[in-house]
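Worksheet: the structure to be examined is printed underneath.
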Amino acid sequence: MTDNTKPKFQDILNLMNDLPDYPDFKADQIEPLSYLQDWLSHHSRTLDLSKGFLVNRCALYWAGYDQTDGFDGKAFVETCQDSNGSLNQLASLLDTDLQIFELDPHNNDRPSIDDIAMATSYGMMGVEESTQLFSACSFGQGVEGASQNALDNLDEFENLENFMAKHCGLDHAAMMGAAIACIMKGIPMIIEGASGLLIKTLLKKETGKQFSNIIYMDLGYELPGHSMIASAIYLKTLYAAAPKTDCGKIRQAA
(Lines give C-alpha, C1' and ligand atoms only; values in the text may rest on other atoms or scores of the structure.)
Protein backbone atom coordinates (compact mmCIF):
# COMPACT_ATOMS: atom_id res chain seq x y z
CA MET A 1 0.00 0.00 0.00
CA THR A 2 1.10 3.60 -0.50
CA ASP A 3 1.37 6.74 1.57
CA ASN A 4 1.86 5.55 5.14
CA THR A 5 0.07 2.24 4.48
CA LYS A 6 -3.20 3.98 3.61
CA PRO A 7 -4.67 2.23 0.57
CA LYS A 8 -5.33 4.11 -2.63
CA PHE A 9 -7.95 3.02 -5.09
CA GLN A 10 -5.22 2.09 -7.55
CA ASP A 11 -4.04 -0.50 -5.02
CA ILE A 12 -7.50 -2.06 -5.16
CA LEU A 13 -7.44 -2.05 -8.96
CA ASN A 14 -4.00 -3.69 -8.95
CA LEU A 15 -5.37 -6.51 -6.79
CA MET A 16 -8.37 -6.94 -9.07
CA ASN A 17 -6.15 -7.19 -12.13
CA ASP A 18 -4.44 -10.19 -10.53
CA LEU A 19 -7.59 -12.06 -9.47
CA PRO A 20 -7.59 -15.69 -10.62
CA ASP A 21 -9.93 -17.08 -13.22
CA TYR A 22 -12.63 -19.43 -11.98
CA PRO A 23 -13.95 -22.31 -14.07
CA ASP A 24 -17.40 -21.77 -15.52
CA PHE A 25 -20.15 -23.10 -13.31
CA LYS A 26 -23.73 -23.65 -14.36
CA ALA A 27 -26.21 -25.36 -12.10
CA ASP A 28 -28.47 -28.01 -13.56
CA GLN A 29 -31.45 -26.36 -11.88
CA ILE A 30 -32.29 -22.77 -10.92
CA GLU A 31 -34.55 -23.61 -7.96
CA PRO A 32 -32.64 -22.12 -4.97
CA LEU A 33 -32.09 -25.29 -2.95
CA SER A 34 -31.10 -27.33 -6.01
CA TYR A 35 -28.80 -24.53 -7.15
CA LEU A 36 -27.09 -24.47 -3.75
CA GLN A 37 -26.61 -28.23 -3.86
CA ASP A 38 -24.94 -28.06 -7.26
CA TRP A 39 -22.84 -25.09 -6.15
CA LEU A 40 -21.62 -26.81 -2.98
CA SER A 41 -20.80 -29.99 -4.90
CA HIS A 42 -18.80 -27.96 -7.42
CA HIS A 43 -16.74 -26.07 -4.83
CA SER A 44 -16.27 -28.96 -2.40
CA ARG A 45 -13.66 -30.30 -4.80
CA THR A 46 -11.31 -27.56 -3.68
CA LEU A 47 -12.43 -27.00 -0.08
CA ASP A 48 -10.89 -28.88 2.82
CA LEU A 49 -13.98 -30.34 4.44
CA SER A 50 -12.11 -32.88 6.56
CA LYS A 51 -13.29 -31.15 9.75
CA GLY A 52 -16.81 -30.57 8.52
CA PHE A 53 -18.39 -27.66 6.71
CA LEU A 54 -17.73 -24.60 8.84
CA VAL A 55 -19.83 -21.49 8.30
CA ASN A 56 -18.08 -19.03 10.54
CA ARG A 57 -18.58 -15.52 9.24
CA CYS A 58 -21.71 -13.57 8.36
CA ALA A 59 -21.07 -9.85 7.83
CA LEU A 60 -23.66 -7.07 7.79
CA TYR A 61 -22.40 -3.65 6.72
CA TRP A 62 -24.32 -0.70 8.20
CA ALA A 63 -24.34 2.43 6.04
CA GLY A 64 -26.68 5.33 5.37
CA TYR A 65 -27.86 7.44 2.44
CA ASP A 66 -29.95 10.57 2.00
CA GLN A 67 -32.91 8.55 0.72
CA THR A 68 -35.82 8.37 3.13
CA ASP A 69 -37.28 4.87 3.23
CA GLY A 70 -38.29 4.49 6.87
CA PHE A 71 -35.66 1.87 7.64
CA ASP A 72 -34.45 2.21 11.24
CA GLY A 73 -30.89 0.90 11.33
CA LYS A 74 -30.52 1.32 15.08
CA ALA A 75 -33.69 -0.69 15.76
CA PHE A 76 -32.49 -3.37 13.35
CA VAL A 77 -29.15 -3.65 15.16
CA GLU A 78 -31.00 -4.01 18.46
CA THR A 79 -33.04 -6.90 17.08
CA CYS A 80 -29.84 -8.54 15.85
CA GLN A 81 -28.41 -8.30 19.36
CA ASP A 82 -31.62 -9.64 20.91
CA SER A 83 -31.37 -13.39 21.51
CA ASN A 84 -35.04 -13.66 20.53
CA GLY A 85 -34.52 -11.79 17.26
CA SER A 86 -35.09 -13.83 14.10
CA LEU A 87 -31.66 -13.09 12.61
CA ASN A 88 -29.92 -13.88 15.89
CA GLN A 89 -31.79 -17.18 16.11
CA LEU A 90 -30.84 -18.09 12.54
CA ALA A 91 -27.19 -17.32 13.29
CA SER A 92 -27.38 -19.44 16.44
CA LEU A 93 -28.88 -22.31 14.47
CA LEU A 94 -26.04 -21.96 12.00
CA ASP A 95 -23.49 -21.67 14.84
CA THR A 96 -21.80 -18.75 13.10
CA ASP A 97 -20.37 -15.35 13.94
CA LEU A 98 -22.89 -12.64 13.09
CA GLN A 99 -20.90 -9.42 12.83
CA ILE A 100 -22.18 -5.90 12.21
CA PHE A 101 -19.69 -3.43 10.75
CA GLU A 102 -20.71 0.18 11.34
CA LEU A 103 -19.69 2.33 8.36
CA ASP A 104 -20.60 5.87 9.41
CA PRO A 105 -24.34 5.17 8.89
CA HIS A 106 -25.53 8.60 10.07
CA ASN A 107 -23.38 10.56 7.63
CA ASN A 108 -25.19 11.04 4.33
CA ASP A 109 -22.33 12.82 2.57
CA ARG A 110 -20.97 10.98 -0.46
CA PRO A 111 -17.64 9.39 0.51
CA SER A 112 -14.43 10.37 -1.25
CA ILE A 113 -12.59 7.86 -3.39
CA ASP A 114 -9.98 7.60 -0.61
CA ASP A 115 -12.77 6.72 1.85
CA ILE A 116 -14.00 4.08 -0.60
CA ALA A 117 -10.49 2.63 -0.86
CA MET A 118 -10.22 2.49 2.94
CA ALA A 119 -13.61 0.77 3.27
CA THR A 120 -12.64 -1.73 0.57
CA SER A 121 -9.46 -2.56 2.46
CA TYR A 122 -11.49 -2.84 5.66
CA GLY A 123 -13.81 -5.33 4.01
CA MET A 124 -10.87 -7.44 2.88
CA MET A 125 -9.52 -7.70 6.43
CA GLY A 126 -12.74 -9.34 7.67
CA VAL A 127 -12.13 -12.50 5.63
CA GLU A 128 -9.94 -14.97 7.49
CA GLU A 129 -7.86 -17.70 5.85
CA SER A 130 -9.71 -20.49 7.71
CA THR A 131 -13.15 -19.36 6.56
CA GLN A 132 -15.00 -21.93 4.47
CA LEU A 133 -18.01 -19.78 3.71
CA PHE A 134 -18.45 -16.00 3.93
CA SER A 135 -21.86 -14.32 3.77
CA ALA A 136 -22.39 -10.59 3.34
CA CYS A 137 -25.06 -7.95 2.87
CA SER A 138 -25.64 -4.32 3.78
CA PHE A 139 -28.43 -2.43 5.52
CA GLY A 140 -29.37 1.04 6.67
CA GLN A 141 -31.30 4.14 5.69
CA GLY A 142 -31.67 4.26 1.90
CA VAL A 143 -29.30 1.36 1.26
CA GLU A 144 -31.54 -0.64 -1.06
CA GLY A 145 -32.58 2.46 -2.99
CA ALA A 146 -29.00 3.65 -3.43
CA SER A 147 -27.90 0.22 -4.63
CA GLN A 148 -30.79 -0.03 -7.08
CA ASN A 149 -30.03 3.46 -8.35
CA ALA A 150 -26.44 2.39 -9.04
CA LEU A 151 -27.69 -0.70 -10.88
CA ASP A 152 -30.02 1.49 -12.93
CA ASN A 153 -27.05 3.63 -14.00
CA LEU A 154 -24.71 0.86 -15.12
CA ASP A 155 -24.85 2.23 -18.66
CA GLU A 156 -22.60 5.03 -17.36
CA PHE A 157 -19.88 2.55 -16.39
CA GLU A 158 -16.52 3.34 -17.97
CA ASN A 159 -14.20 2.36 -15.15
CA LEU A 160 -14.68 1.18 -11.59
CA GLU A 161 -13.09 4.15 -9.86
CA ASN A 162 -15.27 6.77 -11.50
CA PHE A 163 -18.43 4.70 -11.16
CA MET A 164 -17.94 4.00 -7.45
CA ALA A 165 -17.03 7.63 -6.77
CA LYS A 166 -20.29 8.72 -8.38
CA HIS A 167 -22.73 6.00 -7.37
CA CYS A 168 -21.42 3.89 -4.47
CA GLY A 169 -21.14 4.14 -0.71
CA LEU A 170 -19.03 2.62 2.03
CA ASP A 171 -21.17 -0.51 2.27
CA HIS A 172 -20.57 -1.26 -1.40
CA ALA A 173 -16.86 -0.72 -0.91
CA ALA A 174 -16.65 -3.00 2.13
CA MET A 175 -18.61 -5.74 0.36
CA MET A 176 -16.37 -5.34 -2.68
CA GLY A 177 -13.31 -5.79 -0.44
CA ALA A 178 -14.77 -8.93 1.13
CA ALA A 179 -15.54 -10.31 -2.34
CA ILE A 180 -11.98 -9.62 -3.54
CA ALA A 181 -10.55 -11.39 -0.50
CA CYS A 182 -12.86 -14.39 -1.01
CA ILE A 183 -11.84 -14.64 -4.67
CA MET A 184 -8.13 -14.43 -3.78
CA LYS A 185 -8.45 -17.10 -1.09
CA GLY A 186 -10.87 -19.38 -2.91
CA ILE A 187 -13.63 -18.97 -0.33
CA PRO A 188 -17.28 -19.41 -1.37
CA MET A 189 -19.37 -16.32 -0.70
CA ILE A 190 -23.12 -15.70 -0.46
CA ILE A 191 -24.44 -12.20 -1.12
CA GLU A 192 -27.96 -10.78 -1.04
CA GLY A 193 -29.91 -7.63 -1.72
CA ALA A 194 -29.43 -4.97 -4.38
CA SER A 195 -26.01 -4.15 -2.88
CA GLY A 196 -24.86 -7.75 -3.34
CA LEU A 197 -26.10 -7.87 -6.92
CA LEU A 198 -24.35 -4.56 -7.60
CA ILE A 199 -20.99 -5.84 -6.35
CA LYS A 200 -21.17 -9.05 -8.38
CA THR A 201 -22.05 -7.01 -11.47
CA LEU A 202 -19.24 -4.48 -10.94
CA LEU A 203 -16.68 -7.26 -10.48
CA LYS A 204 -17.66 -8.73 -13.83
CA LYS A 205 -17.69 -5.36 -15.61
CA GLU A 206 -14.25 -4.35 -14.28
CA THR A 207 -12.44 -7.67 -14.75
CA GLY A 208 -14.40 -9.33 -17.53
CA LYS A 209 -14.39 -12.51 -15.42
CA GLN A 210 -17.10 -14.66 -13.91
CA PHE A 211 -16.44 -15.56 -10.28
CA SER A 212 -18.50 -18.65 -9.60
CA ASN A 213 -17.44 -18.73 -5.93
CA ILE A 214 -19.83 -15.79 -5.34
CA ILE A 215 -23.55 -16.46 -5.54
CA TYR A 216 -26.47 -14.09 -5.18
CA MET A 217 -29.43 -15.49 -3.24
CA ASP A 218 -32.91 -14.04 -2.84
CA LEU A 219 -35.23 -16.26 -0.84
CA GLY A 220 -37.90 -13.59 -0.48
CA TYR A 221 -37.09 -12.29 3.01
CA GLU A 222 -37.86 -8.61 3.56
CA LEU A 223 -35.27 -7.95 6.28
CA PRO A 224 -31.53 -7.87 5.49
CA GLY A 225 -29.37 -10.86 6.31
CA HIS A 226 -32.09 -13.48 6.31
CA SER A 227 -31.60 -14.74 2.76
CA MET A 228 -27.86 -15.20 3.14
CA ILE A 229 -28.05 -16.92 6.52
CA ALA A 230 -30.94 -19.16 5.46
CA SER A 231 -28.90 -20.10 2.37
CA ALA A 232 -25.90 -20.90 4.57
CA ILE A 233 -28.12 -23.09 6.75
CA TYR A 234 -29.27 -24.94 3.64
CA LEU A 235 -25.65 -25.47 2.63
CA LYS A 236 -24.69 -26.84 6.01
CA THR A 237 -27.72 -29.15 5.98
CA LEU A 238 -26.90 -30.35 2.47
CA TYR A 239 -23.33 -31.10 3.50
CA ALA A 240 -24.49 -33.09 6.54
CA ALA A 241 -27.04 -35.00 4.46
CA ALA A 242 -24.74 -35.83 1.54
CA PRO A 243 -23.15 -38.98 3.07
CA LYS A 244 -26.57 -40.41 3.94
CA THR A 245 -27.59 -42.42 0.89
CA ASP A 246 -31.21 -42.83 2.01
CA CYS A 247 -31.85 -39.08 2.09
CA GLY A 248 -34.63 -38.01 -0.22
CA LYS A 249 -35.96 -41.49 -0.85
CA ILE A 250 -39.67 -42.03 -0.43
CA ARG A 251 -40.75 -45.27 1.20
CA GLN A 252 -44.22 -46.61 0.69
CA ALA A 253 -45.77 -48.80 3.32
CA ALA A 254 -46.81 -52.26 2.12
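Is the range 146-154 home to any residue that is modelled with pLDDT of 90 or more and touching a strand residue (DSSP E or B) at 6+ places or on another chain (Cβ under 6 Å)? Looking through the range 146-154, none of the residues is modelled with pLDDT of 90 or more and touching a strand residue (DSSP E or B) at 6+ places or on another chain (Cβ under 6 Å). Residues of the range 25-78 that are small (Gly, Ala, Ser), touching a helix residue (DSSP H, G or I) at 6+ places or on another chain (Cβ under 6 Å) and closer than 30 Å to residue 141 by Cα: 63 alone.
Within the range 13-37, count every residue that is among the acidic types (Asp, Glu) and in contact (Cβ under 8 Å) with a residue 12 or more places away in the chain. Total satisfying the criteria: 2. Can you find a residue that is within 27 Å of residue 68 (Cα to Cα), part of a helix (DSSP H, G or I) and not aromatic (Phe, Trp, Tyr) anywhere in the range 91-109? Checked against the condition, which is being within 27 Å of residue 68 (Cα to Cα), part of a helix (DSSP H, G or I) and not aromatic (Phe, Trp, Tyr), the range 91-109 yields no hits at all. Restricting 205, 236 to those that are at pLDDT 95 or above, touching a Leu at 6+ places or on another chain (Cβ under 9 Å) and part of a helix (DSSP H, G or I) reduces the list to 205. With respect to (1) free of Cβ contacts under 8 Å to residues at least 60 places away in the same chain; (2) closer than 23 Å to residue 34 by Cα; (3) of a type in the set (A, V, I, L, M), the lone exception for residue 202 is condition (2). Applying the criterion of being in contact (Cβ under 8 Å) with a residue 40 or more places away in the chain, not β-branched (Val, Ile, Thr) and not in a helix (DSSP H, G or I) to the residues of the range 144-189, the residue that is surrounded by the most Cβ atoms within 10 Å (Cβ to Cβ) is 169.
Within the range 68-81, not a single residue is within 15 Å of residue 229 (Cβ to Cβ), touching a residue at least 40 places away in the same chain (Cβ under 8 Å) and in a strand (DSSP E or B). Against the condition crowded, with 16+ Cβ neighbours inside 10 Å and closer than 14 Å to residue 195 by Cα, how does residue 119 come out, does it pass? So residue 119 does not fit the description; no.
Considering the range 190-199, the residues that are touching a residue at least 40 places away in the same chain (Cβ under 8 Å) and in contact with a strand residue (DSSP E or B) (Cβ under 7 Å, 6 or more places away or on another chain) include one that is surrounded by the fewest Cβ atoms within 10 Å (Cβ to Cβ), namely 197.
The set of residues from the range 103-127 being charged (D, E, K, R) and either touching a strand residue (DSSP E or B) at 6+ places or on another chain (Cβ under 7 Å) or without any contact (Cβ under 8 Å) to a residue 60 or more places away in the chain (or both) comprises 109, 110, 115. What is the number of the single condition among (1) β-branched (Val, Ile, Thr); (2) without any contact (Cβ under 8 Å) to a residue 24 or more places away in the chain; (3) not in a helix (DSSP H, G or I) that residue 55 does not meet? Exception for residue 55: condition (2).
The values are calculated or read from the model by the stated rules, or taken from the named source; none is laboratory data. For clarity, every value in this text was computed on a predicted model and none was experimentally measured. Ideal geometry is used to build each Cβ from the backbone, glycine not excepted, and the neighbour counts take in all protein chains shown.
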